[in-house]
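Student: Dumping the structure here so I can ask a few things about it.
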Amino acid sequence: MKYATTRTGTLVSVIALTCAMSFGAASAQESDITIAVSIPAATHGWTGGVVYHAEQAEKEIEAAFPNIDIVLSTASSATAQVSSLEDLSATRDLDALVILPFTSEELTGPVEQVKSNGTFITVVDRGLSDTSVQDLYVAGDNIAVGANTAHWLADQLGGEGEIVVLRGIPTVIDDERIQGFSEVIAETDIEILDIQYANWNQDEAFTLMQDYLAKYPNIDAVWANDDDMLLGVIEAVDQAERDDIKFALGGNGMKEVIELVMAEDERTPISTPYPPSMIKSAIYMTVGQFNGQAPMRGSFLLDAPLITPENAEQFYFPDSPF
């Protein structure tokens, strides 16, 4: 099954309403449900939003349904997340695990071990290397994030030019974004001069962009893959006072970048949405598997339409942490 939406907040409201209707007898149930939520710590803006929305879901669900215990765990590295999973499975009888893996390769085996105990597995955003491990997958359409950006950029550059690309961290979603972008660019005369990892980190993106600027005398455009990295790119370009770069683009819909789009910034006139609130949707959907008698299986993908000055207000949430 495949669903698509651009308004995750609306989705959560619908799920919450459905749960409330289905969970009328929740307080009368004697069996306790333990759902572990394992996510990266707030290492950059997007994951900061993930932590915020996961905490909100924990409060709302436990207040509404006394028989459900949400155990929230954050990790600052893949190694720390593996250790956390080992501790969670050793000390608790987990009915479900909702996990946003720090990295795909390193977390696949540990999640398989959790699943072997009969635990329902919901994977969010950064997919596992073996998709058969997951019962439910919730993410954005990362191939579309890359492809839609590339189509727009190719049109603006007239199908030719020289660009540089910044990757995130080695994960399935990064691979998919690069795949979607590269396949479109390959059909043009645009040359990708360089493509390296900056780990979805603003400071690392700043340093990498400085290297690109020193190495290449002409760059027509930059795709940073992510808005945190985009801010580092813009800072480096501004400090270097380079006026050859026509476009600097990212993705994810950070509110600071949406403000640039709304202001019709010449260098950053578009973005693509990838809301961190998808973690909240995933937690609510997992709860529905146990208390709502609503079997949840398959993949839920959010659309990735271009955010332009004409529709930017639909994607702008000033009170959001991201």
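Student: Listed residues 261, 237, 222; which is farther than 24 Å from residue 143 by Cβ, among the β-branched types (Val, Ile, Thr), open to solvent by less than 10 Å² (accessible area, probe 1.4 Å) and touching a strand residue (DSSP E or B) at 6+ places or on another chain (Cβ under 9 Å)? Explain how you work it out, then say what you get.
Tutor: Numbers: 261 fails: farther than 24 Å from residue 143 by Cβ; 222 fails: farther than 24 Å from residue 143 by Cβ.
Exactly one of 261, 237, 222 is farther than 24 Å from residue 143 by Cβ, among the β-branched types (Val, Ile, Thr), open to solvent by less than 10 Å² (accessible area, probe 1.4 Å) and touching a strand residue (DSSP E or B) at 6+ places or on another chain (Cβ under 9 Å), namely 237.
Student: Looking at the range 104-119 only, could you name the residues that are in contact (Cβ under 8 Å) with a residue 40 or more places away in the chain and surrounded by fewer than 20 Cβ atoms within 10 Å (Cβ to Cβ)?
Tutor: First, the residues of the range 104-119 that are in contact (Cβ under 8 Å) with a residue 40 or more places away in the chain: 104-105.
Correct list: 105 only.
Student: Any chance you could count how many residues in the range 180-200 are open to solvent by 40 Å² or more (accessible area, probe 1.4 Å) and under 16 Å from the mean Cα position of the chain (by Cα)?
Tutor: So the count comes out to 1.
Student: Still on this model: Filter the range 37-92 for residues that are touching a residue at least 60 places away in the same chain (Cβ under 8 Å) and hydroxyl-bearing (Ser, Thr, Tyr); which is farthest from residue 252 (Cα to Cα)?
Tutor: So the residue we want is 38.
Results for (1) within 30 Å of residue 67 (Cβ to Cβ); (2) touching a helix residue (DSSP H, G or I) at 6+ places or on another chain (Cβ under 6 Å), shown as yes or no for each residue.
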residue: 208; (1), (2): no, no
residue: 217; (1), (2): no, no
residue: 238; (1), (2): no, no
residue: 265; (1), (2): no, no
residue: 277; (1), (2): yes, yes
residue: 295; (1), (2): yes, no
residue: 301; (1), (2): no, no
residue: 304; (1), (2): no, yes
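Student: Tally time: how many residues in the range 89-134 are touching a Lys or Arg at 6+ places or on another chain (Cβ under 7 Å), more than 17 Å from residue 171 (Cα to Cα) and of a type in the set (Ser, Thr, Tyr)?
Tutor: Number of matching residues: 0.
Student: Just to verify a result, which residue in the range 121-133, among those that are under 21 Å from residue 71 (Cβ atoms) and in contact with a Ser or Thr (Cβ under 7 Å, 6 or more places away or on another chain), is modelled with the highest pLDDT? Full working, then the answer.
Tutor: To start, the set of residues in the range 121-133 that are under 21 Å from residue 71 (Cβ atoms) comprises 121-126, 128, 133.
Next cut, in contact with a Ser or Thr (Cβ under 7 Å, 6 or more places away or on another chain) only: 122, 126, 128, 133.
On the way: 122: 98, 126: 84, 128: 92, 133: 95.
Residue satisfying both the conditions and the ranking: 122.
Student: Also, I was wondering about something else. For the range 186-204, enumerate the residues that are over 28 Å from residue 44 (Cα atoms) and either of a type in the set (D, E, K, R) or touching a strand residue (DSSP E or B) at 6+ places or on another chain (Cβ under 8 Å) (or both).
Tutor: Pass one, the range 186-204, residues over 28 Å from residue 44 (Cα atoms): 186-191.
Passing the criteria: 187, 188, 189, 190, 191.
The values are calculated or read from the model by the stated rules, or taken from the named source; none is laboratory data. A quick note: this is a predicted structure, and the numbers were derived from the prediction, not measured. Neighbour counts run over all protein chains shown; Cβ positions are idealised from the backbone, glycine included. All accessible areas refer to the heavy atoms of the entire protein, side chains included, with ligands and DNA or RNA removed. Shrake-Rupley method; radii C 1.70, N 1.55, O 1.52, S 1.80 Å.
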